[in-house]
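Each remark here refers to the structure printed beneath this line.
The values are calculated or read from the model by the stated rules, or taken from the named source; none is laboratory data. Because the structure is a prediction, the values reported are computed rather than measured. Cβ sites come from the backbone with ideal geometry, for glycine too, and all protein chains shown count toward neighbours.
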């Protein structure tokens with residue numbers, strides 16, 4: 001291998017991507033060889049325990065090209081842990097993280113590298129337009145606006161994690177020691193010299209999305225509990241306000257009843273309505289508090305990000321092509 005060459009690592013997390021894994025590998029390799037030929041490279045797949053033929057195809061790809069590597073997880077460790085762990089296993093001077101389904105355009109790779117060569121340690125690809133469902137786009141926009149206003153840490157709107165990361169930032173990730181990392185927040189929080197470049201998110205090339213209400217909710221709550229205090233503060237202020245209002249209502253109700261004791265016939269309706277309302281508010285904030293506790297609990301247990309089942313080509317001596 002030519003020691004003078006800088007090395008680009010391309011990380012591609014995958015889960016049940018049998019229709020995309022071979023095409024994305026071929027497309028990335030073609031761009032690397034054509035537009036970034038002066039660089040050495042490695043393509044690293046991290047498979048989150050796929051149940052289709054993804055792993056079978058990864059074995060084939062890795063046997064054909066020793067610059068293509070794969071990490072096979074022992075089980076599915078979630079949408080955040082697996083990509084984060086994969087980034088920490090790359091060996092390049094920079095690492096580009098992208099999806100396996102072609103929603104992150106392959107032709108963006110040279111643009112990311114060009115900005116990195118200008119000195120930026122992080123190059124974040126921001127999806128300013130998208131071919132996804134317009135309703136989902138609107139909901140995501142509202143979420144990003146809300147979390148940005150509530151967070152004490154800068155938040156990057158419409159940033160999915162697609163981008164380039166210098167090896168100095170990768171070293172920080174390795175030493176961060178966070179068992180439930182939220183990369184999008186970490187990128188904004190740690191203050192590296194960052195460049196944002198726009199792109200249009202494409203439709204999935206093949207297969208079906210693995211995102212559902214639960215995974216989207218999980219992502220939203222991880223961001224919310226990791227980077228905002230507003231939920232806890234809101235519970236405190238709202239509880240104080242409700243307590244004060246309840247006391248005032250109770251006093252007014254009691255005084256009115258004393259003054260009109262012979263004609264007052266309100267019955268139990270106000271009391272029942274008030275009980276249901278206050279109980280609903282209490283349950284909501286107990287649930288919100290539970291999300292914070294759950295986040296803390298996972299960090300305190302400090303379980304490993306990923307347990308590997310097998311690695312492919314990591315023990316191979318790479319040669320330049």
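Just checking, does the range 100-110 include any residue being part of a strand (DSSP E or B), in contact with a helix residue (DSSP H, G or I) (Cβ under 7 Å, 6 or more places away or on another chain) and surrounded by 24 or more Cβ atoms within 10 Å (Cβ to Cβ)? So far as the range 100-110 goes, no, none of its residues is part of a strand (DSSP E or B), in contact with a helix residue (DSSP H, G or I) (Cβ under 7 Å, 6 or more places away or on another chain) and surrounded by 24 or more Cβ atoms within 10 Å (Cβ to Cβ).
Inside the range 59-84, can you point out the residues that are within 25 Å of the chain's Cα centre (by Cα) and within 23 Å of residue 106 (Cβ to Cβ)? Correct list: 68, 69, 70, 71, 79, 82, 83, 84. Considering the range 188-206, and only residues there that are out of contact with any helix residue (DSSP H, G or I) (no Cβ under 8 Å at 6 or more places or on another chain) and crowded, with 16+ Cβ neighbours inside 10 Å, the residue that is modelled with the highest pLDDT turns out to be 196.
Specify the residue that is surrounded by the fewest Cβ atoms within 10 Å (Cβ to Cβ); the eligible residues are those in the range 19-58 that are within 23 Å of the chain's Cα centre (by Cα) and assigned to a helix (DSSP H, G or I).
Looking at residues that are within 23 Å of the chain's Cα centre (by Cα) and assigned to a helix (DSSP H, G or I), I get 28.
Being within 18 Å of residue 162 (Cα to Cα) and crowded, with 19+ Cβ neighbours inside 10 Å holds for only one residue in 71, 61, 96, and it is 96.
Looking only at the range 37-44, decide whether some residue is free of Cβ contacts under 8 Å to residues at least 40 places away in the same chain and touching a strand residue (DSSP E or B) at 6+ places or on another chain (Cβ under 7 Å). Checked against the condition, which is being free of Cβ contacts under 8 Å to residues at least 40 places away in the same chain and touching a strand residue (DSSP E or B) at 6+ places or on another chain (Cβ under 7 Å), the range 37-44 yields at least one hit. Among the residues of the range 79-92, is any without any contact (Cβ under 8 Å) to a residue 12 or more places away in the chain and over 20 Å from residue 175 (Cβ atoms)? Within the range 79-92 (the criterion being without any contact (Cβ under 8 Å) to a residue 12 or more places away in the chain and over 20 Å from residue 175 (Cβ atoms)), the answer is no, since none of the residues qualifies.
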